[in-house]
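Accompanying notes for the structure given below.
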Amino acid sequence: MGTNIVKAYGTQSPTDSLKEINIQRRELTANDIEIEILYCGVCHSDLHTARNDWGGTVYPAVPGHEIVGKVTKVGAGVTKLKVGDNAAVGCLVGSCGTCASCKEDLEQYCLNGFVGTYNGKDKHLGGQTFGGYSERVVVDEHFVLKIPANLDLAATAPLLCAGITTWSPLRHWKVGKGTKVAVVGLGGLGHMAIKLAKGLGAEVTLFSRTPSKTKDAIELGADAVVISNDELQMGAVKGKFDVIIDTVPYVHDVNPYVTTLNVSGTLVLVGYLGGLEPILNTVPMILGRKSVAGSLIGGIAETQEMLNFCGEHNIVSEIEIIKMQDINKAYERMLKSDVRYRFVIDMTSLK
Ligand code: NAP
Ligand code: ZN
């Protein structure tokens, strides 16, 4: 199989900064679409992967799974899009297609293992997959999304991960008019959770450690903000919420949030991967039939549903556009929770 060399930004170890490198893209198969990447969002998962926070990163690592661009080539069997169309790719580029999860459009829970857009197992070229911090990407059409024409391309990029990761649990736990939703953490995922929950008609509260984000949260659509390390404010929302979406990326005490759930309420962890500390107290869970759950991105059909919803409701991300060369500085700011509210790389800066 022939290959194309493209420019990318990647890291060679957990402690290196990201630098320009060359990677290979495959020649198109019949079902493949080649996309020239115009914008790529910067997700906290990119940073976790670059620095091997979760273990399992294969180097060199090229992050980026909030990809938007233009179709430059299509395989002979492609029907979804044509050359010149806008197109998007999120966190998934492959799954088995035949297991129970895939049959239910839950490719993210593929029982044979989904292929991540980066640091996944590349079934075509071997080695690991490389993400969107690059000039071009080649993806099976099943995993390519259509972008509603009215949406700004750069501000759409974050919908492909931050959007779908918060949309999927909002839909699964049936958020709509009358639902009381809370969001923990106002970063990339958190600000999309507010906009999407609001779009679905819910009443939305933000939990944040950062009082200076209060005004922004209200402008994003939140009805209220609770400063999470203020015990008085926390006590005032005891027993209030039906659904909480917790986007905090690092280990943190979940127990104070559980007590703010209503009877039968659910706290959905989407941020932190790993053991909880302090340990989870089951008393409020048992006495109020409360659940603590988790959720991973979303399937392809659901991602298209979310994009279409955003098109209809004019929902996009709040972004700060950066150059590819500024990615290492952007990671440092992300670590300080200083993102308002998603960095998006203008990929023409890599040319
Ligand atoms: P982000 O933009 O950095 O936002 C995280 C927010 O959490 C921060 O802005 C901050 O908000 C709060 N926060 C940060 N550190 C904290 C700490 N130590 N304790 C309490 N709050 C803290 O990150 P993101 O891109 O939204 O990603 C959030 C997490 O979701 C990451 O771990 C990422 O890997 C994960 N993720 C999961 C999925 C999935 O499928 N489940 C998909 C994408 C991303 P305040 O200033 O308001 O407190
Ligand atoms: Zn992500």
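Residues whose amide H falls under 5 Å from that of Phe207, counting only those 5 or more places apart or on a different chain, are Val183, Val184, Gly185, Val226, with hydrogens built in the peptide plane. Please label the shape of the range 275-351 as rounded, prolate or oblate, based on the square roots a ≥ b ≥ c of the eigenvalues of the alpha-carbon gyration tensor (a/c under 1.5 means rounded; beyond that, a/b larger than b/c means prolate, else oblate). Note, shape of the range 275-351 comes out oblate. Relative to the longest principal axis of the Cα atoms of the chain, the long axis of helix 188-199 makes an angle of roughly 70 degrees. Rounded, prolate or oblate, given the Cα gyration tensor of the range 163-294, with a/c below 1.5 counting as rounded? It comes out rounded by the Cα gyration axes. Quick one: which of Lys146/Lys351; Lys174/Lys198; Lys146/Lys198; Lys177/Lys198 span more than 20 angstrom between C-alpha atoms? Table pairs above 20 Å Cα-Cα are Lys146/Lys351; Lys146/Lys198.
Taking 7 Å steps out from each Cα toward its Cβ at Ser212 and Asn22 produces label points 4.4 nm apart.
When only DSSP loop residues count, what trypsin sites (Lys or Arg not before Pro) in the range 98-202 have their Cβ near at most 14 other Cβ atoms within 10 Å? Before the final figure, lay out the partial values.
Working: sites: Lys103, Lys121, Lys123, Arg136, Lys146, Arg171, Lys174, Lys177, Lys180, Lys195, Lys198; in loops: Lys123, Lys146, Lys174, Lys177.
Sparse-neighbourhood loop trypsin sites (Lys or Arg not before Pro): Lys123, Lys174, Lys177.
Run the dipole for the chain about the Cα centre, Lys and Arg Cβ at +1, Asp and Glu Cβ at -1, nothing else charged, and hand back the magnitude in debye, nearest 20.
Values: 34 positive and 37 negative charges, 38 e Å.
Dipole magnitude for the chain comes out near 180 debye.
By how many nm would the segment from Lys7 to Asp105 grow when fully extended, if each residue of separation counts as 0.36 nm and the alpha-carbon distance is taken off?
Values: separation 98, 0.36 × 98 = 35.28 nm, distance 3.29 nm.
Gain in length upon complete extension: 32.0 nm.
Extension gain, Lys80 to Gln233: 0.36 nm times the residue separation minus the Cα-Cα distance gives 50.1 nm.
What does the charge dipole of the range 270-351 about its Cα centre add up to, to the nearest 20 debye, if the Cβ of each Lys and Arg holds +1 and the Cβ of each Asp and Glu holds -1? List each step's numbers first, then the result.
On the way: 9 positive and 10 negative charges, 46 e Å.
For this selection, approximately 220 debye.
Amide H to amide H, with H built 1.01 Å from N, Gln128 comes under 5 Å of Asp122, counting only residues 5 or more places away or on other chains. Distance between the 7 Å Cα→Cβ label points at Ser349 and Asn308: 3.5 nm.
Residues whose amide H falls under 5 Å from that of Ile321, counting only those 5 or more places apart or on a different chain, are Val344, with hydrogens built in the peptide plane.
Given R0 = 35 Å, the distance between the Cβ atoms of Thr29 and Trp54 translates into a calculated FRET efficiency of 0.70. Full extension of the chain between Arg340 and Ser264 gives 24.0 nm of extra length, using 0.36 nm per residue less the Cα-Cα distance. Count Lys and Arg as plus one, Asp and Glu as minus one, and take only other residues whose Cβ is under 12 Å from that of His313; the net charge is then +1. For the chain, the longest principal axis of the alpha carbon atoms and the long axis of helix 162-172 meet at an angle near 60°. The spacing between the range 293-330 and the range 177-256, judged by their C-alpha centroids, is 19 Å.
What does the C-alpha gyration tensor say about the overall shape of the range 40-139? Classify as rounded when a/c is under 1.5, otherwise prolate if a/b is larger than b/c, or oblate. Display every interim value, and only then the final one.
Details: a/c = 1.81, a/b = 1.16, b/c = 1.56.
Here the range 40-139 falls in the oblate category.
Computed per residue of the chain from DSSP H runs no shorter than four, each worth -39500 (n - 2.57), the mean residue ellipticity at 222 nm is -6000 deg cm²/dmol.
Quick note: the coordinates plus some simple rules give every number you see, no bench work behind them. Model, not experiment: these values are computed from the prediction. Backbone-built Cβ (ideal geometry, glycine too); neighbour counts: all protein chains shown.
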